[in-house]
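Right, one structure below, let's go through it.
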Protein chains: 2
Amino acid sequence: MTAPLDGITVLDLTHVLAGPFATATLGDLGAHVIKVERPGTGDDTRAFPPFKGEESAYFAGLNHGKLSIALDLKAGADRAIFERLLARADVILENYRPGTMEKLGYGWDTLSARFPRLIYGAVSGFGHTGPEAGKPAYDMVVQARGGVMSITGEEGGPPVRVGASIGDIVAGMYLVQGVLAALLRRDRDGRGAKVDISMLDAQLAIMEHAVAITSVSGNPPGPTGARHPTITPFSTYRAADGFFVIAAGNDALFTKLCAALGLDDLPADPRFASNAARCENVHLLKRLIEAVTLDRPRAHWIAALEAAGVPTGQVQNMAEVLTDPQLLARHMVTEVPARPGGAAFTAAGNPIKMTGLADPAPRGPAPTLDGDRAAVLDWLDRD
Amino acid sequence: MTAPLDGITVLDLTHVLAGPFATATLGDLGAHVIKVERPGTGDDTRAFPPFKGEESAYFAGLNHGKLSIALDLKAGADRAIFERLLARADVILENYRPGTMEKLGYGWDTLSARFPRLIYGAVSGFGHTGPEAGKPAYDMVVQARGGVMSITGEEGGPPVRVGASIGDIVAGMYLVQGVLAALLRRDRDGRGAKVDISMLDAQLAIMEHAVAITSVSGNPPGPTGARHPTITPFSTYRAADGFFVIAAGNDALFTKLCAALGLDDLPADPRFASNAARCENVHLLKRLIEAVTLDRPRAHWIAALEAAGVPTGQVQNMAEVLTDPQLLARHMVTEVPARPGGAAFTAAGNPIKMTGLADPAPRGPAPTLDGDRAAVLDWLDRD
């Protein structure tokens, strides 16, 4: 069985995060990804810390296994190479500011006329349509504007940023979905498509619960710290040595939790007898639970709750995450191999586990800028 | 041009969030989604607030356009219907605890032997392999354990939950990617596949920057409030009437920002002359910026910074998000139509904008429990 995207060539003009995150996934699924970089400096993230020697770990984590060729898309000779690549590619992806590709003479209308099977995917801050198409944006701008910051942070406190760059990442994931869907349709009708992903759109798309509350009640929710806004107990709690989570999503789980904590009177107490009552008395309930849990370490409570069948887990820092036995067993902490004379890096593995896709996926090293020029040109010369 | 998943039938055994979020996307891409629910109560989210009348807005936002049939998978007559559905389906998705499908006699090995073209997608807390396969999990457990909580919150403060349920949602998005990739490969080789998504795996997969920092330095990063950990100025700032974001990702943008704020001396000041220097003096710089911005409302500063080409935007609450002109222009705030006698709901639109996919996508109402039984049986009887 071959990898799902075996034989698919992706011409990757993207830089920084949303686009490279998308093409990393396409690469993990088996695509042949050729990164087309700006001569001289290449992808901005080559200069992003942290480094090993002169190589960026951030760049390596997002670009392992891709090939790199540096092309000046305003210069004749490089444009000729680029157009030969276009003729061989199945997919081209870019995350320039809208309008940039048109200025280069490679807008969707032009490309689709010349290469009718080509799939063109773009990810931008606000999309290619609407009154603000063309404005610049970064992750944090769309996290702020899309609403997630307004419901993240301490209760009553200022908005905080989601630590992971979900403004970029979720948009990159929708780009992958759109490209895969377009490839599927092309199998039937032989025609390419344009996929136009807006980072702001993608942020709204993940706000499920907040959309429902706001549209029904008219009252936008605020941040609720570590607790779920409408389920109790569903939050972090302090143990002797740090925080852990209790996620008791229904009455049966609450009863099991209380038995495990020795709080047997609580399930019959009218203040805690239903989820609605527990939500009303959430602060009192937290204190009653922590009065018990503060006495012993997290591992004790996690073992006790797991034995009782109550969803739980410790709040892990990233050093703990990277040594988590379950994640190691799932090949989710992988090595990006070194180039000769270079450094090896640690990166997240491929979370799409599927039949016929090697796991751990075979990954190449991260490319040096223009390091695969000869290989790419050679590939163009072959049938 | 038809929708990309036109003609694809998805048998959807999922409930609550990760699975239904995935099948909503597949439906938006044109798939025929048949929701198979537990008789009596159906999907748990039918009972989740907020409500209009007796209908859950939360359920409607995730399940519009799907059909519903209630089947008891332990009862002979319903199993017979289910197996006729399996014979017609392209994809079956489930988010039970691992092992549940095997107990019902519908594990992957059994299904793939009987229906070799079937694609089987599962999303679970920890995946179908590894020492903790089979343990229960909720969104918050994997947010905690996967590391995102450890880098989200106030600097020096306790971990907070990401307001959107990204533990479920990101896993659901990877499930969509895996299913689409499996459909693509099936076009070539005619064979189905199992896709096994772990919510915990998916959390690690989005931790790009924190993985790089931790693996290179050995020091796991902590929360940094609203600011980016390694880019300055890249944070929220207070205006007279609330918070807005400034995202000046490089020296050129910093110089433009300073000009727009009347802080012309700062770019040459050695304390702020490079990103590294700005990161070292981040707290001082924030005060110098806010000493200017506190005087006037957000709209003033956003207009001034946009004119200067500096990425900016206000921190919007969800009521502001749902009336944002750019999101409205992109059809990202859509109506889920009412069933006769029922209520209409507001939901997020489809962020995958692509050639040949109607936008706004034609959406049906959310199904009543078992409300499409006759239509589904009738469809089974047709060729």
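Structural size metrics of the stretch A:75-184, computed from C-alpha coordinates, are Rg and Dmax of 17.5, 59 Å. Between the stretch B:1-59 and the stretch B:111-176, the alpha-carbon centres lie 19 Å apart.
Computed 3J(HN,Hα) for the stretch A:272-281, one whole-Hz value per residue from the Karplus formula 6.51 cos²θ - 1.76 cosθ + 1.60 where θ = phi - 60°, is 10, 6, 9, 4, 4, 5, 5, 5, 5, 10, glycine and proline marked x. The Cα atoms of the stretch B:105-147 cover 39, 18, 14 Å along the three principal axes, with the biggest extent listed first.
Membrane-span-like helices in chain B, defined here as complete DSSP H runs extending at least 30 Å along the helix axis by their C-alpha atoms with mean Kyte-Doolittle hydropathy no lower than 0.0, are B:166-189; this is a sequence and geometry rule, not a statement about a membrane.
Measuring how big the stretch A:181-240 is from its alpha-carbon positions, Rg and Dmax come out at 19.8, 62 Å. The ranking of B:ILE69, A:ILE166 from fewest to most other beta carbons within 10 Å of each one's beta carbon is B:ILE69, A:ILE166.
Could you give the C-alpha radius of gyration of the stretch A:293-339 expressed as a fraction of 2.2 N^0.38 Å, taking N as the number of residues it contains?
Taking N as the residue count of the stretch A:293-339, the ratio is 1.55.
Looking only at chain B, where both bridge partners belong to it, what percent of the DSSP beta bridges are antiparallel (to the nearest 5)? DSSP beta bridges in chain B are roughly 40 percent antiparallel.
Largest GNM mean-square fluctuation across B:ARG188, B:ARG339, B:ARG330, computed for chain B with C-alpha springs under 10 Å, falls on B:ARG188. Among beta bridges from DSSP that stay inside the stretch B:1-123, the antiparallel ones total about 10%. How much of the DSSP beta bridge set in the protein assembly as shown is antiparallel, as a percent to the nearest 5? Counting only bridges with both partners in the protein assembly as shown, antiparallel ones make up about 45 percent.
If r is the Cβ-Cβ distance from B:ARG97 to A:HIS300 and R0 is 22 Å, what FRET efficiency results, to the nearest 0.05? Please report the intermediate quantities before stating the final value.
Details: r = 24 Å, r/R0 = 1.11.
It comes out at approximately 0.35.
Model label sites at A:ALA75 and B:ALA344, defined 7 Å from Cα along the beta-carbon direction, differ in position by 5.7 nm. Binning the C-alpha pair distances of the stretch A:1-139 at 5 Å intervals from 0 yields a P(r) profile of 2, 10, 18, 22, 21, 16, 8, 3, 1, 0 %, listed from the shortest bin outward. Kirkwood-type hydrodynamic radius, the protein assembly as shown: 26.6 Å, calculated from all non-identical alpha-carbon pairs. Along the stretch B:103-110 the Karplus relation, 6.51 cos²θ - 1.76 cosθ + 1.60 evaluated at θ = phi - 60°, assigns HN-Hα couplings of 4, 7, x, 10, x, 4, 4, 5 Hz to successive residues, with x for each Gly and Pro. Dividing the convex hull volume of the alpha carbon atoms of chain B by its residue count gives 181 Å³ per residue. The length gained by stretching the chain between A:LEU328 and A:ALA252 to full extension, at 0.36 nm per residue less their Cα-Cα distance, is 24.1 nm. Sorted shortest first, the separations between the A:ASN281 label point and its copies elsewhere in the assembly read 5.5 nm; each point sits 7 Å from Cα along the Cα-to-Cβ line. With all projection directions averaged, the alpha carbon convex hull of the stretch B:197-286 covers 8.0 nm². Remark on B:ASP370: its backbone amide H falls under 5 Å from those of B:ILE69, B:ALA70, a criterion applied only to residues 5 or more positions apart or on other chains, H modelled at 1.01 Å from N. Between amide H atoms placed 1.01 Å from N, distances below 5 Å from B:VAL333 occur with B:GLY349, all of them 5 or more places distant or on a separate chain. Evaluated at q = 0.30, 0.33 Å⁻¹, the base-10 log of the normalised Debye intensity for the stretch A:77-123, with identical point scatterers placed on the Cα atoms, takes the values -1.33, -1.40.
Over the stretch A:234-316, the pair-distance histogram of Cα-Cα distances with 10 Å bins from zero comes to 19, 59, 22, 0 percent, rounded to whole numbers. The alpha-carbon positions of the stretch B:125-241 define a convex hull whose volume is 170 Å³ per residue. Our note on the geometry: Cα centres of the stretch B:178-252 and the stretch A:324-364, 17 Å apart.
For the stretch B:260-383, the relative contact order is 13 percent, taking Cα pairs closer than 8 Å that sit 6 or more residues apart in sequence and dividing their mean separation by the residue count. By the count of neighbouring beta-carbon atoms within 10 Å, fewest first, A:ASP28, B:ASP378 end up ordered B:ASP378, A:ASP28.
The relative contact order of the stretch A:11-95, computed from alpha carbon pairs under 8 Å that lie at least 6 residues apart in sequence, is 40 percent.
Report the paramagnetic label zone for A:GLU320: residues of the stretch A:239-275 whose backbone N is under 18 Å from a point 7 Å from Cα along the Cα-to-Cβ axis. Answer for this model: A:239-248. Using only alpha carbon pairs under 8 Å that are at least six residues apart, calculate the relative contact order of chain B and give it in whole percent. Relative contact order for chain B comes out at 19 percent.
Put simply, the amide H of B:THR346, placed in the peptide plane, has neighbours under 5 Å in B:VAL336, leaving out anything fewer than 5 places away on its chain. A crude spin-label estimate for the pair A:ALA240 and A:GLU335, with each label 7 Å from Cα along the Cβ direction, gives 3.9 nm. Taking 7 Å steps out from each Cα toward its Cβ at B:THR110 and A:ASP378 produces label points 5.2 nm apart.
Every number in this text was worked out from the coordinates using simple rules, so none of it is lab data. Owing to the predicted nature of the structure, the values given are computational and were not obtained by experimental measurement. Don't worry about glycine lacking a Cβ; one is built from the backbone with ideal geometry, like all the others, and counts go over all protein chains shown.
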